[in-house]
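Any read-out appearing in this document is the output of simple, stated calculations on the displayed coordinates, not a laboratory observation. Worth saying up front: this structure is predicted, and the values here are computed from it rather than measured. All Cβ positions, even for glycine, are placed from backbone atoms using ideal geometry, and neighbour counts span all protein chains on display.
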Amino acid sequence: MRALRLLEWKSDPVLVEVEEPVPGPGQVVVRVGGAGACHSDLHLMREFEAGLLPWGPPFTLGHENAGWVHALGDGVRGLEVGQPVAVHGAWGCGSCDRCRVGMENYCDDPGAAPAPMGGGGLGLDGGMADLLLVPDARHLVPLPDGLDPVHAAPLTDAGLTPYHAVRRSWPKLVPGSTAVVIGVGGLGHLAVQILKATTAARVVAVDTRAAALELAAGCGADAMVPAGPEAPAQVRAATASGRGADVVLDFVGSDSTMALGASASRMLGDLTVVGIAGGTLPVSFFSVPYELSIQTTYWGSRPELVEMLDLGARGLVVPRITTFPLEKAADAYRAMEAGEIEGRAVVVP
Ligand SMILES: [Zn+2]
Ligand SMILES: [Zn+2]
């Protein structure tokens, strides 16, 4: 079968022929219907080097995947060949307290996981291939009616990651509140929709690109602010009574976006950094609003994926996608790097 593999750090992935995977006991092979191309894959190709992560190449890319059950290993029950499924992509140890409640993205015993703090497409072989070996059937969530694998794939990361970030701030997103989304790309355009579908907050979107602000408007954002020197004042002015944002979700994570997030926040607010641009934010007693909570988040849990897929199946959250055949996956990454993709690029083997 074909697979798009990262063979070493700081290199472009290559499409190669590899052996078809065979499921061992408890494992499942999925025929890939869609594999999302994520910005973090670009970081894998360009920036990471040996020793930075507990895992490394060679492996097949693609960590947001959905498809159909292709083959079942011994002892797997509750799934049938041909059934459409989404893959929860964080593969933890499976037996710590966190993993037992489906929060494998925060596994407490990552050393016992097949790829510590990784998964398929992140150290182990991912979904940019005809077939994907899933090491345990527990990572699969059956697709609800109304959702196809091509649209479900981006919901497993580009949807699940902002869903988790929004969900943890729900108590602050009451009527009258404001949420700010910085960066309206693959994750940000879904964050806008998730906020509109699950909260009463007014949503303000910020991006450098006019096309991204148009996308935000199409996704239901209430106000659009171009990034730049005027942005802090404009964002604040777009919040109720100018008092600042109750929740800021930063999908970029650079020095400037984090500074914007802090300056736009309201006292008692949440500033959640999701993007991995590697910026820092100096925090001291007088530098940020009182009781502003600042946190990073990583991906989401399996129960949250079930909820995310329900929002997708009911048409409340719809990813804007551009599809590429597997032979053209490199083009998907090039277009993404050039900022030319609206929403998410999905590779369809
Ligand atoms: Zn990702
Ligand atoms: Zn665990």
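Considering only chymotrypsin sites (Phe, Trp or Tyr not before Pro) in DSSP loops that have at most 11 other Cβ atoms within 10 Å, the longest stretch of the chain without any of them is 1-284.
Compared with the dominant principal axis of the Cα atoms in the chain, helix 255-264 is inclined by about 50°.
Computed over the range 301-347, the Cα gyration tensor eigenvalues convert (square root of 5λ each) into semi-axes of 26, 11, 10 Å, ordered from largest to smallest. Here each label is just a point 7 Å from Cα along the line to Cβ, and for ALA240 and ALA259 those points are 3.0 nm apart. Summary of the geometry: the range 167-219 and the range 60-78, compared by the centres of their Cα atoms, lie 32 Å apart. Evaluating 6.51 cos²θ - 1.76 cosθ + 1.60 at θ = phi - 60° for every residue in the range 333-347, the Karplus couplings come out as 5, 4, 5, 5, 4, 7, x, 9, 8, 8, x, 10, 8, 10, 8 Hz, glycine and proline recorded as x.
Rounded to the nearest whole Hz, the Karplus-based 3J(HN,Hα) values (6.51 cos²θ - 1.76 cosθ + 1.60, θ = phi - 60°) of the range 178-192 follow the sequence 10, 10, 10, 10, 9, x, 9, x, x, 7, x, 5, 7, 4, 4, with x at glycine and proline. Close amide H partners of VAL248, meaning residues 5 or more places away or on another chain with modelled amide H under 5 Å apart, are VAL180, ASP270, LEU271, THR272.
Taken over the chain, the convex hull of the Cα atoms encloses 128 Å³ per residue. In the range 169-296, the alpha-carbon atoms span a convex hull of 89 Å³ per residue. For the range 270-316, GluC sites (Glu not before Pro) are listed when DSSP marks them as loop and at most 12 other Cβ atoms sit within 10 Å of their Cβ; the list is GLU291. By the helix-only formula, in which each DSSP H run with n ≥ 4 contributes -39500 (n - 2.57) and the sum is divided by residues, the chain has a 222 nm mean residue ellipticity of -6500 deg cm²/dmol.
Rounded to 0.05, the FRET efficiency of the TYR290 and ALA200 pair, given R0 = 25 Å and the Cβ-Cβ distance, is 0.55.
What shape does the range 33-158 have by the C-alpha gyration tensor, where a ≥ b ≥ c are the square roots of the eigenvalues, rounded means a/c under 1.5, and otherwise prolate means a/b greater than b/c and oblate the rest?
Values: a/c = 1.82, a/b = 1.25, b/c = 1.45.
It is oblate, given that a/c is not under 1.5 and a/b is not larger than b/c.
Given GLY67, PRO325, THR296, which one lies farthest toward the positive end of the charge dipole of the chain, if we put +1 on the Cβ of every Lys and Arg and -1 on the Cβ of every Asp and Glu? Going by the Cα projections, it comes out as THR296. With θ taken as phi - 60° and the Karplus curve 6.51 cos²θ - 1.76 cosθ + 1.60 applied, the whole-hertz 3J(HN,Hα) list for the range 79-95 is 10, 10, 4, x, 6, x, 9, 9, 9, 6, x, 8, 10, x, 6, x, 10 Hz, x standing for glycine and proline.
Against the longest principal axis of the chain, how steep is helix 302-313, in degrees 0 to 90 to the nearest 10, with axes from Cα atoms? Once rounded, the angle reads 80 degrees.
Once the Cβ-Cβ distance between ASP74 and PHE48 is put in as r, and R0 is 35 Å, what FRET efficiency do you end up with, to the nearest 0.05?
Working: r = 36 Å, r/R0 = 1.03.
Efficiency for this residue pair is about 0.45.
Quick one: check the C-alpha center-to-center distance for the range 13-38 versus the range 116-158, whole angstrom. The range 13-38 and the range 116-158 have Cα centres spaced 9 Å from each other.
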